[in-house]
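Worksheet: one structure, shown below.
The values are calculated or read from the model by the stated rules, or taken from the named source; none is laboratory data. Only a predicted model underlies this, so the values are computations on that prediction, with no experimental measurement involved. Here the Cβ positions follow ideal geometry from the backbone for every residue, glycine too, while neighbour counts run over all protein chains shown.
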Amino acid sequence: MQYQKYKILFIIISGVFCFSCSSYKTVNTDELFVGNGAEVQDLDPATVSGVTEHRILSALFEGLTSLDPETLEPIPAVAERWEVSDDKRFYTFFIRRNAYWSNGEPVTAKDFINSWERILSPKLSSEYSYLLFCIKNAKDFFEGRIENFSDVGAIAIDEHTLRVELEYPTAYFLKMQVHNIWYPIHRKTIEKYGRFDERNNPWTHTGNHVSNGPYQLEEWIPNKIIRVRKNPYYWNKDSVAIENISFYPIDNQMTEERLFRIGYLDLTNTIPLRKLEYYKIKQPQSLVLHPYIGVYYYRINVKNPIFSNPSIRKSLAYSIDRKQIVEYILKGGEQPALYYVPNGIGKYKSPQKIIYDPVYAKQLLNEAGYIDGKNFPTIEILFNTSEAHKLIAEAIQRMWKKHLNIDVKLLNQDWKVYLSSMNQLDYQIARSAWIADFLDPINFLECFLSYSGNNRTGWENKQYDKLVEQAYRESNEDKRNELLFQAEEILLEELPIIPIYFYTWKILVSSRVENFYPNVLGYIRWQELKLKEITENSVQ
Amino acid sequence: MKKYIIRKLFLFIPILLAIITLTFFMVRLAPGGPFDRDKNVPEEVQRNLEEYYHLDESLLKQYFRYLYGVIQFDFGPSFRKPSYTIREWIFMRIPISFELGIYSLIFALFVGCTCGVVSAFYQNTWIDTCLTSFAVLGICIPSFVIGPILVLVFALHWEILPVAGWDFPQQKILPSISLGFIYSAYITRIIRSSIIEVLKKDYIRTAISKGASVRRVILIHTLKGALQPLVTFLGPATAGLLTGSFIVETIFQIPGLGREFVEATFNRDYTMIIGIVFVYALLILLLNLIVDIIQGYLDPRISYE
């Protein structure tokens, strides 16, 4: 009798379990599900700095111009048109009269001025404020030499006309507008919840947020979900096909891939290295591998006496077989980096200075006084803890031993410790990377100006500085590219860095997503994506 | 009893103070700061940020400023998540870790007690060997192995449970099992050995000689006596379940506090680290106090003096 009771209880529990399990899968044709890497810091375009934040902000906000996802050329956004002066220092933007905030108020020229003033206010300490320094007097205002923002070169001529005066003809000014730092903000909303120029302001929370993009914030549950829904006041709302987008902060790549595999995600943030082969063979239609404007390189501390001789740096650079690294370790379509600035940025073509020639590399080392690597001290490669960095470092360690007969130690450090070591030049050779903030070669080359905070190698070259500074001021594109080409030639001759490979944008995209155009910026124009009608079986 | 609790609660103050002080200075010793980034920020920005968060002040001044805040239960703003205060953030995340911890505890207790009792009941038979092996296996296999295996079998192969998430009841099954598995193994061993020990006691022999059935003896008479070592174990175990769920939270994408703790450490989010350590310390102290009280009820020989 008692066993009978247990049996009934077991059947009931199993029934409830099976019932609940059968109902958890939902396929929603109006909603896009996106894996978005780490949790966002905030949803304030002025204070965030990461790619994960930018991806969501580009759905919530819209700048003066946008980019065509296929060609990456500027296209009208909040500004329906613009005029540029002959010397390319004055831009006049004409703002759409039908551009509205998500609360129904019109977007005006003043909203842009407010945003830029906020970013340049010292109290807010926006990490990307320097991107605005191309505006006349912006740097002086930021550093306190000018107190009145009306002296800065951004003026609202009327509600719908915005005039920007630049310090120098910034060739990439229009393309840069897609960066979140240039987005407008709704001042009244920010002031409702706190001080205008304060970081700790909850205006970005669910229910408070006001934006002007194709989508508006529906809910933000930290570390769980950010859901956005179509903004009914967006000027081009009829072209927005997807009603809702859910962004999930999933920092574990394996979990993200599993969620994609069972049809829970339509777009992933990345793909785990070890899953690449599986998707290449079994599901190539889901795998997107596209060149990306990022370069992976090794920094050399030129202040260290061992590396002060450029021949030694060259010898190290010329003895790395990059093809082996991209083919056998990375396997994601990455390209060996025989120069520093990746291809795909306008008309700019880098000088191909680096070669793989172990014999010549050894000869260079011999000439530097280390015959057959004898007496060369053991050197150390520093990298932040990661499986891929370790594999690459091990491969290079073997190559240098084989070709140059030098001993290399590997040292991995936690991210912040590694950054601290790099900032203090407390390393010999360190893994590094640069992902461009905007589509222009200067964004790569300005890193190695002698006074740039991104230099971190101790290397300085007056001629290099001069060429890059000239390029800042040059308005003719061909001449400008020529100046940058010469600068890169110096960099590749001196080699304070050893370029290893160019990144690829590696993500998974489900078959129900349409109008997705991979591009070198990893830029997604959410308002153009569409979802195919799909049955539940085919999702799995 | 009341006196004991009040005395213990007063003792919490110096303990918590010591923990805050140690954590405060230890996190500052670690190289790197909250605003160090891959892409360098202008010096002015760095300076302004440090000024805004009072990082430009002397460490001692910062410490006393922080303590003053803690007295008012204000742990300051997060360095990493500027629009939230630490208090808001912790209150938002801790219920989720608690929920996961409680489900895991229920699972661990249910499975552990059942296996322990059955194992003791069928002592030295093949059933006992199987269950003891399960316990040894459970203790040896960490949650970062159990979790993905469960996902592979139940979510990807059989497709009867979700891969990750924390919205529906079904999503809570696999994480709770992954987290509770190791504890269920420990409980199995504890229950088994204490039942076997209690079975040798005189009062059990008396009960059996009076004609009580074996099942009644085990479930009614033995289990109560065997519970005491379990309660002693449950104090730290519950604290471990509530606070040690980082790996399971990461595998199953659960927005709990464990994940936040590790992220905060990597990001050098000083205020967040100390805030979470404070909450965890308070939790462990309270759980230990509860264990002391329960033990007193279970064993009248224990004195509170």
Taking the range A:58-78 and keeping residues of a type in the set (A, V, I, L, M) and within 12 Å of A:ASN212 (Cβ to Cβ) leaves A:ALA59, A:LEU60, A:LEU64, A:ALA77, A:VAL78
Could you grab me the full set of residues in the range A:449-466 that are more than 11 Å from chain B (Cβ to nearest Cβ) and either among the charged types (D, E, K, R) or within 23 Å of the chain's Cα centre (by Cα) (or both)?
A:LEU449, A:THR457, A:GLU460, A:LYS462, A:ASP465, A:LYS466
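Residue-wise test of (1) without any contact (Cβ under 8 Å) to a residue 12 or more places away in the chain; (2) on the phi < 0 side of the Ramachandran plot.
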| residue | (1), (2) |
| --- | --- |
| B:PRO42 | yes, yes |
| B:HIS54 | yes, no |
| B:GLU57 | yes, yes |
| B:GLN72 | yes, yes |
| B:ILE86 | no, yes |
Count, please, the residues in the range A:425-442 that happen to be within 9 Å of chain B (Cβ to nearest Cβ), modelled with pLDDT of 90 or more and over 20 Å from A:ALA317 (Cβ atoms).
1
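Please note which strands (runs of 3 or more DSSP E) are completely contained in the range A:211-286 and include at least 2 residues that are farther than 22 Å from A:GLY522 by Cβ and in contact (Cβ under 8 Å) with a residue 60 or more places away in the chain. Step through it out loud before you land on a result.
On the way: elements: A:215-221, A:225-230, A:244-248.
In the range A:211-286, the matching strands (runs of 3 or more DSSP E) lie at A:215-221.
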Output the qualifying pairs, or none if there are none: Cβ atoms under 8 angstrom, residues six or more apart or on different chains, first residue in the range B:187-216 and of a type in the set (Asp, Glu), second residue surrounded by 18 or more Cβ atoms within 10 Å (Cβ to Cβ).
B:GLU197/B:ALA226
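For (1) in contact with a strand residue (DSSP E or B) (Cβ under 7 Å, 6 or more places away or on another chain); (2) more than 10 Å from chain B (Cβ to nearest Cβ); (3) in contact (Cβ under 8 Å) with a residue 40 or more places away in the chain, each residue gets a yes or a no:
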| site | (1), (2), (3) |
| --- | --- |
| A:SER126 | no, no, yes |
| A:PHE141 | no, yes, no |
| A:LEU162 | yes, yes, yes |
| A:VAL178 | yes, yes, yes |
| A:THR206 | yes, yes, no |
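Given the condition more than 14 Å from every other protein chain (Cβ to nearest Cβ), outside any loop (DSSP other than H, G, I, E, B), surrounded by 13 or more Cβ atoms within 10 Å (Cβ to Cβ) and touching a Phe, Trp or Tyr at 6+ places or on another chain (Cβ under 6 Å), answer yes or no: does some residue in the range B:33-54 qualify?
Applying the first criterion (more than 14 Å from every other protein chain (Cβ to nearest Cβ)) to the range B:33-54 yields none.
Scanning the range B:33-54, I find no residue that is more than 14 Å from every other protein chain (Cβ to nearest Cβ), outside any loop (DSSP other than H, G, I, E, B), surrounded by 13 or more Cβ atoms within 10 Å (Cβ to Cβ) and touching a Phe, Trp or Tyr at 6+ places or on another chain (Cβ under 6 Å), so the answer is no.
From the list B:ILE94, B:ILE71, pick out the single residue that is under 22 Å from the mean Cα position of the chain (by Cα) and more than 8 Å from chain A (Cβ to nearest Cβ). Talk me through it step by step, then tell me what you get.
On the way: B:ILE71 fails: under 22 Å from the mean Cα position of the chain (by Cα).
So the residue among B:ILE94, B:ILE71 that is under 22 Å from the mean Cα position of the chain (by Cα) and more than 8 Å from chain A (Cβ to nearest Cβ) is B:ILE94.
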Looking only at the range B:132-162, and only at residues there that are over 26 Å from B:ALA239 (Cα atoms) and buried (at least 17 other Cβ atoms within 10 Å of the Cβ), the one that is farthest from the other protein chains (Cβ to nearest Cβ)
B:PHE154
Do we have any residue at all in the range B:13-20 that's of a type outside the set (A, V, I, L, M, F, W, C), surrounded by fewer than 15 Cβ atoms within 10 Å (Cβ to Cβ) and within 30 Å of A:ASP426 (Cβ to Cβ)?
no
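Being closer than 20 Å to B:PRO162 by Cα and in contact with a helix residue (DSSP H, G or I) (Cβ under 9 Å, 6 or more places away or on another chain) narrows it down to one residue among A:LEU217, A:LEU267, A:LEU259; which is it? Let's see the steps before the verdict.
On the way: A:LEU217 fails: closer than 20 Å to B:PRO162 by Cα; A:LEU259 fails: in contact with a helix residue (DSSP H, G or I) (Cβ under 9 Å, 6 or more places away or on another chain).
A:LEU267 is the lone residue from the list that is closer than 20 Å to B:PRO162 by Cα and in contact with a helix residue (DSSP H, G or I) (Cβ under 9 Å, 6 or more places away or on another chain).
Of everything in the range B:1-32, what is within 14 Å of another protein chain (Cβ to nearest Cβ) and in a helix (DSSP H, G or I)? Give them in sequence order. Talk me through it step by step, then tell me what you get.
To start, the set of residues in the range B:1-32 that are within 14 Å of another protein chain (Cβ to nearest Cβ) comprises B:27-32.
Within the range B:1-32, B:VAL27, B:ARG28, B:LEU29 qualify.
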Only unsatisfied item for A:ARG227, checking (1) more than 14 Å from chain B (Cβ to nearest Cβ); (2) in contact with a Leu (Cβ under 9 Å, 6 or more places away or on another chain), is (1)
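If you check A:TRP434 against the conditions, is it within 18 Å of the chain's Cα centre (by Cα), closer than 30 Å to A:SER239 by Cα, of a type outside the set (Val, Ile, Thr) and buried (at least 20 other Cβ atoms within 10 Å of the Cβ)?
No; evaluated as a whole, the condition is false for this residue.
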Can you give me the number of residues within the range B:244-260 that are part of a helix (DSSP H, G or I) and surrounded by fewer than 24 Cβ atoms within 10 Å (Cβ to Cβ)?
3
Which one of these is over 30 Å from A:GLY369 (Cα atoms), touching a strand residue (DSSP E or B) at 6+ places or on another chain (Cβ under 9 Å) and of a type in the set (D, E, K, R): A:ASP437, A:ASP414?
A:ASP414
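Being charged (D, E, K, R), within 14 Å of chain A (Cβ to nearest Cβ) and surrounded by 19 or more Cβ atoms within 10 Å (Cβ to Cβ), is that true of even one residue in the range B:213-236? Spell out the reasoning first.
So in the range B:213-236, the residues charged (D, E, K, R) come out as B:215-216, B:224.
From what is left, the residues that are within 14 Å of chain A (Cβ to nearest Cβ) are B:215-216.
Cutting the leftovers down to surrounded by 19 or more Cβ atoms within 10 Å (Cβ to Cβ) gives us none.
Checked against the condition, which is being charged (D, E, K, R), within 14 Å of chain A (Cβ to nearest Cβ) and surrounded by 19 or more Cβ atoms within 10 Å (Cβ to Cβ), the range B:213-236 yields no hits at all.
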Is there a residue being within 30 Å of B:ASN124 (Cα to Cα), away from chain A (no Cβ under 14 Å), under 17 Å from the mean Cα position of the chain (by Cα) and buried (at least 18 other Cβ atoms within 10 Å of the Cβ) anywhere in the range B:165-179?
yes
